[in-house]
Amino acid sequence: MISRSEYADYFGFTQHFVFDIHKNRERHGMVKQKRYLRKRIALALSLAFSSLLLLAGCDTDKGLPFYLFEVNPKTVLTVDDVRYIEKTDVIRHPSYVSGLFWKFTGEIGEVIGVCGGDNAEQGGGFDVCRIEGDEEYNFLYVLPNHFVFGPYATYFCTREDLQITAPSAKTVSSVAIGYKDMENISAQVDDPAMIAALFEVFNGDSIQTLDGQDWVYGSLIMRHKDFPFLQCDMECCYSPEQEISYCKNKDREWFVLPAEWNTIISEYGFPAKDN
């Protein structure tokens, strides 16, 4: 069987063929080049097609149920008569999208079915996976179960009847002082009053401009009170010399953090960046 990582290595191997072709154009004549081109491309396509069939076969369990899935005009996954949709107004996927949105940062669990394509016998095109820690199946993750030419599209789907609202003092259980993820934090705050004060200034209009050059950068990472695998991070910085801290709002503008937050950040600091 060929894993996805092994197939990626093979794809790089076929790209090496193309690079060799360009190098040989200068070394050989056009006639030799055409012969070389035909042989190499034929071999590469033959191996690629065979590998693709093996990959699709080893990653798809035909015994899994087949679910209806559509992406136009909107993403809808139907599992046992329950509709799952992408709630892009409050949850953004992929997770590198910035702003006051929830982002999935958890682990993908077991495959519970396939979707996409015409039927299960053809592999479905996508695996439907549960989310680790989500025992009630409020969310499902959809990803390709075969090699994909072009963008590798994945989908984070939420039960249509589940009410999810944007990060706020009511939906955030804790805020960590860190750098990009919860595995790299220096302190954590779960005081409701401090969390409420953070959102008060976040939604205010105290916009400032950074002055000086001694800024240390990090993040305030907020965790959802009911679904800890949903997080939201604010880009922040503080100045040891000026004894002041800032964060960016939804419009990517800097605002001054409350004094109690500056005290915490000054005491613990942002963790060092991973190399």
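The values are calculated or read from the model by the stated rules, or taken from the named source; none is laboratory data. Predicted model, so just to flag it, every value in this text is computed and none were measured. As a convention, Cβ positions derive from the backbone with ideal geometry for all residues, glycine included, and neighbour counts pool all protein chains shown. The area values use the complete protein model at the heavy-atom level, side chains included, leaving out ligands, DNA and RNA. Shrake-Rupley method; radii C 1.70, N 1.55, O 1.52, S 1.80 Å.
Tabulated data for the structure shown
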{"quantity": "Selected residue (only one of LEU210, LEU198 is in contact with a strand residue (DSSP E or B) (Cβ under 9 Å, 6 or more places away or on another chain) and at pLDDT below 90)", "calculated": "LEU210"}
{"quantity": "Subset of the range 236-248 (residues that are under 19 Å from PHE101 (Cβ atoms) and either at pLDDT 90 or above or buried (at least 20 other Cβ atoms within 10 Å of the Cβ) (or both))", "calculated": "CYS236, CYS247"}
{"quantity": "Per-region count, the range 161-184, residues under 12 Å from MET222 (Cβ atoms) and either among the aliphatic types (A, V, I, L, M) or assigned to a strand (DSSP E or B) (or both)", "calculated": "10"}
{"quantity": "Count of residues meeting criterion [of a type outside the set (D, E, K, R) and either in a helix (DSSP H, G or I) or open to solvent by 70 Å² or more (accessible area, probe 1.4 Å) (or both)] in the range 208-223", "calculated": "4"}
{"quantity": "Qualifying positions in the range 92-103 - modelled with pLDDT under 90 and hydrophobic (A, V, I, L, M, F, W, C)", "calculated": "VAL97, LEU100"}
{"quantity": "Residue in the range 78-91 that is of a type in the set (Val, Ile, Thr), within 25 Å of ASP233 (Cα to Cα), touching a Lys or Arg at 6+ places or on another chain (Cβ under 9 Å) and modelled with pLDDT of 90 or more present", "calculated": "yes"}
{"quantity": "Enumeration of residues in the range 191-207 that are touching a helix residue (DSSP H, G or I) at 6+ places or on another chain (Cβ under 7 Å) and open to solvent by less than 10 Å² (accessible area, probe 1.4 Å)", "calculated": "LEU198"}
{"quantity": "Complete set of residues in the range 158-170 that are of a type outside the set (Val, Ile, Thr), closer than 21 Å to VAL82 by Cβ and out of contact with any Lys or Arg (no Cβ under 9 Å at 6 or more places or on another chain)", "calculated": "GLN163"}
{"quantity": "Total residues in the range 254-275, condition more than 18 Å from SER168 (Cβ to Cβ), surrounded by 14 or more Cβ atoms within 10 Å (Cβ to Cβ) and free of Cβ contacts under 8 Å to residues at least 60 places away in the same chain", "calculated": "4"}
{"quantity": "Qualifying residues in the range 135-147 (those that are open to solvent by less than 60 Å² (accessible area, probe 1.4 Å) and of a type outside the set (A, V, I, L, M, F, W, C)) - the one nearest to LYS103 (Cα to Cα)", "calculated": "TYR141"}
{"quantity": "One residue from GLY124, GLY150 being at pLDDT below 85, under 23 Å from the mean Cα position of the chain (by Cα) and open to solvent by less than 10 Å² (accessible area, probe 1.4 Å)", "calculated": "GLY124"}
{"quantity": "Options LEU220, LEU198; residue that is within 26 Å of PHE156 (Cβ to Cβ), without any contact (Cβ under 8 Å) to a residue 60 or more places away in the chain and in contact with a Leu (Cβ under 8 Å, 6 or more places away or on another chain)", "calculated": "LEU220"}
{"quantity": "Residue within the range 104-119 that is crowded, with 16+ Cβ neighbours inside 10 Å, modelled with pLDDT under 95 and among the aromatic types (Phe, Trp, Tyr) present", "calculated": "yes"}
